[in-house]
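Working notes for the structure below.
The values are calculated or read from the model by the stated rules, or taken from the named source; none is laboratory data. As the structure is a computational prediction, the values presented were derived from the model and not from experiment. Cβ placement follows ideal geometry from the backbone for every residue including glycine, while neighbour counts extend to all protein chains displayed. Just so you know, the surface numbers come from the protein's heavy atoms only, side chains and all, with ligands and any DNA or RNA stripped out. Shrake-Rupley method; radii C 1.70, N 1.55, O 1.52, S 1.80 Å.
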Amino acid sequence: MNKYFLPSFLLLLGSFRALAQQPAPPTITLSGYIRDAATGENLIGATIARPATRQGTATNAFGFYSLTLPSSATDSADLIVSFIGYDALRRRVPLNRSQALDFRPRPAAQQLGTAVVTGTRADADGRIAETTRMGTINVPIAQLKQVPALLGERDVLRVLQLLPGVQSGGEGQTGLYVRGGSPDQNLILLDGTPVYNASHLFGFFSVFNADALNNVELIKGGFPARYGGRLSSVLDITMKEGNTRELHGEGGIGIIGARVTLEGPIGLGKAKKQNPSDSTVEAPASFIVSGRRTYLDILARPLIAAATEGEGVAGYFFHDFNAKLNWKLSRRDRLYLSGYTGYDKFYFRANEDGSTGNSSKNNSSLGWGNLTTALRWNRALTDKLFLNTHLTYSRYQFNIRNEQENRVSLPGGGTGKETFALHYLSNIRDWTLKSDLDFVPSPDHYLRAGGQAIWHQFRPGALTVKDRPLDAAGTDQVTGTRTVGVEMGLYAEDDWRLTERLKVNVGLRLNAFAVENELLPSVEPRLAARYFLTDQWALKGAYARTTQFIHLLTNSGIGLPTDLWVPATPTVKPQRAHQISLGLARTFQRDGEDYEVTFETYYKPMQNLIEYQEGASFLGNTDSDWQTKITSGRGWAYGGEVLVQKKTGRTTGWLGYTLAWSNRRFEELNQGKKFPYKYDRRHDISLVVIHEFTPAVRLSGTFVYGTGNATTLSRGNYTLGGFQVYDDYGPRNSFRMRAYHRMDLDLSFTKKKKWGEIVNSISLYNAYSRRNPYFIYFDAGYDNGNGGGEKPSYKQVSLFPIIPSFSKSFKF
């Protein structure tokens, strides 16, 4: 075990206890919940502040706040509660006693002129310059739905790709490559439960239905100690809890799919009977259910049947289903039960009857999906101490099936049957128990501490082959292994205001991974600081050491689900990284409208990254251990990011620019020399503009530009033995595809109805039909014998030209 592990653990506990028990002058504490006045939904990150003294705090992930102020027998305090897109609440509160105080702000009556922004919800007065955290962005769900969408499908991950430091893997894909990292280095949480594959349709859509979401937060660097287990980013997504006052619904239909969401109260009638004079009464429980499905397979079925004369059926579909129940057990206690299931399936079935009595059947499919469940209980133990405990289960798996059956006529009469079946299965399963404490002893301290244990079961690949020949004995072949690992973690952190200008977030996380009778420990210090250079400009810095005990084995660049999740072992070490960040932030007003500017630089060295050896794959050599197919290496990512946001007014949006480098080196690849990572991208520009002509008409547009992806091409070939041709490849990823750029547009019309509203949207994806490269292949050409023909050359394949689409959504 690491010799610093136990001393660090004791220091962690001692520091937390000392901070928690520090003496303080006479104070009073206000605590409670900030929720939407119309729906009862938690407002995560809402701020409550006392402007006169610049003291304030923000709500946690369950809408709970605690604000401690100096007590006074005669004085009172003016408080302001604010949240993006909501009218500010002002209330005068006496300072002579502690009290429970809830707030119910209302959504702004008119969206024009209100804050609609992709930005950090900060402490105290809501300015991005106030918070210690770096590289953290909240995406308001309302704005997410206004950004142009591919085929009418509003997508969380596609909007995140428009932010500096984040890019996609390729044309149309929803994969996230954050600050030079790979997809497995992103911790994606849905109600605190890990989601291992967040893509549908081979990476073109994400698994998240925006109608069912309450909050989306992306952390790119400066990770607080409460997050661990990944190197590059944390994407923390919270589902809605369900309307506690009345039944509501929303949904939509587009070119490829449809969706519907219902939410409402449980037990509202009984609550109203008990409080007939209270017009603000809420139900003690609520629910939300949401479903989405494509119908590509249904639309294509007649065409496929006609093409195969009724003998073949092929198709593809995906579906999602979210559900959540929320119980208010008491004023201090809440219980939540949530779940998600999603599945993609590509299938092909064919039956063929021959004229001689012979027949054949073929049934093939490729399927993959996620299943998550979460049971959470939280309690306000005191007016300063909040406890949240949850038990979660997560599973991701994919299946490949191929079943064949042939019936043949025998020479002596009758028929015989031969069959062949192949089934390949890979999955990862997690059980997690986690508990977190939030403690707010004063406005100058916000302490968090907790621990978790994750039981992982890895099944990198199990292959079953059953062969039953016509005139021979059948054979069965079964290969595959299971590995169990237990990941444990403890953390403590304090967001500490030292002076009016200086604020720090200091934390420590202790991790360990038990696998194959060995314990792999990790000590991870975390530090972030904010210092006001002037009243508007803040200088920020952060350092984080991170460890990742799981790896993703992939040899595909197009989002195929055949990637394998495997654990760190005594042989394959856990991934480790250090990230150092430095930046500036400013919030200012011009002509009565709000703007934010951030600039960040980062440096992130990574160790123990893994890749397949040359020629290895997930199916090749199934009898061998996956550990024999990989090689280990290092990576370096560094760069700078600029984000300029216009937060209010009829025109909102942002401009982002990233200058970045990402390189890797493996002893057994590229002759041991450093090479650009596949998604190394030097320049990345994104522009998002949303303009409200009227409350009923909105035009939005996006423009993206990026340096072309790195790839490896053959420089020529040579022949050995007079017949065997070999390609002569140059240095790995030494060739650049053409630059990528694209413009998307969306025009939406909103119609108010007595029962709700309807939004009709017309979208253009790739509005000027840019032929962006998807991949490059070698064409050998030909010689027609007359001195003509076509010379050998590389050719580019483009995926999407201009794609118009129409969608209709509704809300009641």
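Would you confirm whether or not the range 568-580 contains a residue that is open to solvent by 60 Å² or more (accessible area, probe 1.4 Å) and part of a loop (DSSP other than H, G, I, E, B)?
So in the range 568-580, the residues open to solvent by 60 Å² or more (accessible area, probe 1.4 Å) come out as 571, 573, 578, 580.
Pick out the ones that are also part of a loop (DSSP other than H, G, I, E, B) and you get 571, 573.
For the range 568-580, residues open to solvent by 60 Å² or more (accessible area, probe 1.4 Å) and part of a loop (DSSP other than H, G, I, E, B): present.
Which numbered condition trips up Arg230, out of (1) in a loop (DSSP other than H, G, I, E, B); (2) in contact with an Asp or Glu (Cβ under 6 Å, 6 or more places away or on another chain); (3) open to solvent by 10 Å² or more (accessible area, probe 1.4 Å)?
(2)
May I ask you to list the residues in the range 411-436 that are open to solvent by less than 70 Å² (accessible area, probe 1.4 Å) and either closer than 30 Å to Arg379 by Cα or aliphatic (A, V, I, L, M) (or both)?
Passing the criteria: Ala421, Leu422, Leu425, Ile428, Asp430, Thr432, Lys434, Ser435, Asp436.
Just name the residue that is least open to solvent (accessible area, probe 1.4 Å) out of those in the range 90-104 that are farther than 12 Å from Arg50 by Cα and in a strand (DSSP E or B).
Filtering first and then ranking leaves Phe103.
Considering Lys361, Lys345, which residue is basic (Lys, Arg), modelled with pLDDT under 90 and surrounded by fewer than 16 Cβ atoms within 10 Å (Cβ to Cβ)?
Numbers: Lys345 fails: surrounded by fewer than 16 Cβ atoms within 10 Å (Cβ to Cβ).
On inspection, the qualifying residue turns out to be Lys361.
Report yes if some residue within the range 318-330 is outside any strand (DSSP E or B) and either surrounded by 17 or more Cβ atoms within 10 Å (Cβ to Cβ) or at pLDDT 85 or above (or both); otherwise report no. Can you show your working first?
Quick first cut of the range 318-330, residues outside any strand (DSSP E or B) only: 329-330.
Next, from what is left, pick out any that are either surrounded by 17 or more Cβ atoms within 10 Å (Cβ to Cβ) or at pLDDT 85 or above (or both): 329-330.
Yes, the range 318-330 contains at least one residue that is outside any strand (DSSP E or B) and either surrounded by 17 or more Cβ atoms within 10 Å (Cβ to Cβ) or at pLDDT 85 or above (or both).
Counting just the residues of the range 370-384 that are in contact (Cβ under 8 Å) with a residue 60 or more places away in the chain and part of a strand (DSSP E or B), which one comes out most open to solvent (accessible area, probe 1.4 Å)?
Checking each candidate, the answer is Thr373.
Just need a number here: residues in the range 702-723 that are in a loop (DSSP other than H, G, I, E, B) and either at pLDDT 90 or above or touching a strand residue (DSSP E or B) at 6+ places or on another chain (Cβ under 7 Å) (or both). Step through it out loud before you land on a result.
So in the range 702-723, the residues in a loop (DSSP other than H, G, I, E, B) come out as 707-709, 712-713, 721-723.
The next check asks that each one be either at pLDDT 90 or above or touching a strand residue (DSSP E or B) at 6+ places or on another chain (Cβ under 7 Å) (or both); those that pass are 707-708, 712-713.
Total meeting the criteria: 4.
Could you check how many residues of the range 66-86 are more than 12 Å from Ala46 (Cα to Cα), open to solvent by 40 Å² or more (accessible area, probe 1.4 Å) and of a type outside the set (Gly, Ala, Ser)?
4
For the range 510-527: of the residues being of a type outside the set (S, T, N, Q) and touching a Pro at 6+ places or on another chain (Cβ under 8 Å), which is surrounded by the fewest Cβ atoms within 10 Å (Cβ to Cβ)? Break it down stepwise before answering.
Going residue by residue through the range 510-527, those that are of a type outside the set (S, T, N, Q) are 510, 512-516, 518-521, 523-527.
Remaining after also requiring touching a Pro at 6+ places or on another chain (Cβ under 8 Å): 510, 512-513, 515-516, 518, 520, 526.
On the way: Leu510: 23, Ala512: 19, Phe513: 25, Val515: 21, Glu516: 13, Glu518: 10, Leu520: 22, Arg526: 23.
Only one residue tops the list, namely Glu518.
Anything in the range 526-539 that is of a type outside the set (Gly, Ala, Ser), assigned to a strand (DSSP E or B) and more than 17 Å from His578 (Cα to Cα)? List them, or say none. Let's see the steps before the verdict.
Taking the range 526-539 and keeping what is of a type outside the set (Gly, Ala, Ser), we get 526-527, 530-537, 539.
When the remaining residues are screened for being assigned to a strand (DSSP E or B), the result is 526-527, 530-532, 537, 539.
Residues satisfying the conditions are Arg530, Tyr531, Phe532, Trp537, Leu539.
Looking only at the range 590-608, count how many residues are at pLDDT 85 or above and either out of contact with any helix residue (DSSP H, G or I) (no Cβ under 9 Å at 6 or more places or on another chain) or open to solvent by 40 Å² or more (accessible area, probe 1.4 Å) (or both). I'd like the intermediate steps shown before the answer.
We begin by selecting, within the range 590-608, every residue at pLDDT 85 or above; these are 596-608.
Going one step further and asking which of them are either out of contact with any helix residue (DSSP H, G or I) (no Cβ under 9 Å at 6 or more places or on another chain) or open to solvent by 40 Å² or more (accessible area, probe 1.4 Å) (or both), we end up with 596-605, 607-608.
Adding up the residues that qualify gives 12.
Got at least one residue in the range 755-775 being modelled with pLDDT under 80 and of a type in the set (A, V, I, L, M, F, W, C)?
For the range 755-775, residues modelled with pLDDT under 80 and of a type in the set (A, V, I, L, M, F, W, C): present.
Report, ordered by the first and then the second residue, all pairs with beta carbons closer than 7 Å, sequence separation of six or more or different chains, a first member in the range 76-96 that is free of Cβ contacts under 8 Å to residues at least 24 places away in the same chain and charged (D, E, K, R), and a second member that is outside any strand (DSSP E or B) and open to solvent by less than 50 Å² (accessible area, probe 1.4 Å).
Filtered contacts from the range 76-96: Asp87/Pro105; Asp87/Ala108.
For Leu699, state whether it is under 17 Å from Ser761 (Cα atoms), out of contact with any helix residue (DSSP H, G or I) (no Cβ under 6 Å at 6 or more places or on another chain) and modelled with pLDDT of 90 or more.
Working: under 17 Å from Ser761 (Cα atoms): yes; out of contact with any helix residue (DSSP H, G or I) (no Cβ under 6 Å at 6 or more places or on another chain): yes; modelled with pLDDT of 90 or more: yes.
Yes: the conditions hold for Leu699.
Any idea which of (1) modelled with pLDDT of 75 or more; (2) in a strand (DSSP E or B) is the one Pro801 doesn't satisfy?
(2)
Residue by residue through the range 40-56, note down the ones that are open to solvent by 10 Å² or more (accessible area, probe 1.4 Å), β-branched (Val, Ile, Thr) and closer than 17 Å to Asp102 by Cβ. Write out each step before concluding.
Taking the range 40-56 as the starting set, the residues that turn out to be open to solvent by 10 Å² or more (accessible area, probe 1.4 Å) are 41, 44-45, 49-56.
With β-branched (Val, Ile, Thr) added as a condition, the list becomes 44, 53.
Passing the criteria: only Ile44.
Where in the range 459-517 are there strands (runs of 3 or more DSSP E), lying wholly inside it, with at least 2 residues that are modelled with pLDDT of 90 or more?
On the way: elements: 475-480, 483-497, 502-515.
Ranges flagged: 483-497, 502-515.
Which of the residues spanning the range 41-61 are in a loop (DSSP other than H, G, I, E, B) and either in contact with a Lys or Arg (Cβ under 8 Å, 6 or more places away or on another chain) or in contact (Cβ under 8 Å) with a residue 40 or more places away in the chain (or both)?
So the first thing to find is which residues in the range 41-61 are in a loop (DSSP other than H, G, I, E, B), and the list is 41, 43-46, 51-54, 59-61.
Across the range 41-61, the qualifying residues are Glu41, Leu43, Ile44, Gly45, Ala46, Pro51, Arg54, Asn60, Ala61.
What are the residues in the range 239-258 that are farther than 24 Å from Leu43 by Cα and either open to solvent by 50 Å² or more (accessible area, probe 1.4 Å) or part of a helix (DSSP H, G or I) (or both), if any? First the steps, then the outcome.
If we filter the range 239-258 for residues that are farther than 24 Å from Leu43 by Cα, which is where we start, we get 252-258.
Listed by number, the residues that qualify are Ile253, Ile255.
Starting from the range 794-807, take each residue that is within 15 Å of Tyr740 (Cβ to Cβ) and list its partners that are open to solvent by less than 60 Å² (accessible area, probe 1.4 Å) and assigned to a strand (DSSP E or B), counting only C-beta distances under 6 angstrom and pairs at least six apart or across chains.
From the range 794-807, the pairs are Gln796/Pro773; Gln796/Ile776; Val797/Tyr774; Ser798/Tyr774; Leu799/Tyr774.
Answer yes or no: is there a residue in the range 109-123 that is at pLDDT 65 or above, assigned to a loop (DSSP other than H, G, I, E, B) and closer than 20 Å to Leu67 by Cβ.
No, the conditions are met nowhere in the range 109-123.
Considering the range 740-771 alone, what residues qualify as being open to solvent by less than 30 Å² (accessible area, probe 1.4 Å) and in a loop (DSSP other than H, G, I, E, B)?
Matches in the range 740-771: Gly756, Asn766, Ala767.
For Gln397, all conditions in the list (1) surrounded by 16 or more Cβ atoms within 10 Å (Cβ to Cβ); (2) closer than 30 Å to Ser66 by Cα; (3) modelled with pLDDT of 85 or more hold save one; what is the number of the exception?
Every condition holds for Gln397 apart from (2).
So that you can scan it fast, the table gives a plain yes or no per residue for (1) under 24 Å from Pro567 (Cα atoms); (2) of a type in the set (Ser, Thr, Tyr):
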| residue | (1), (2) |
| --- | --- |
| Val465 | no, no |
| Thr481 | yes, yes |
| Thr534 | no, yes |
| Trp537 | no, no |
| Tyr543 | no, yes |
| Gln548 | yes, no |
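Which condition number in (1) at pLDDT below 85; (2) assigned to a strand (DSSP E or B) is the one that Gly785 fails?
(2)
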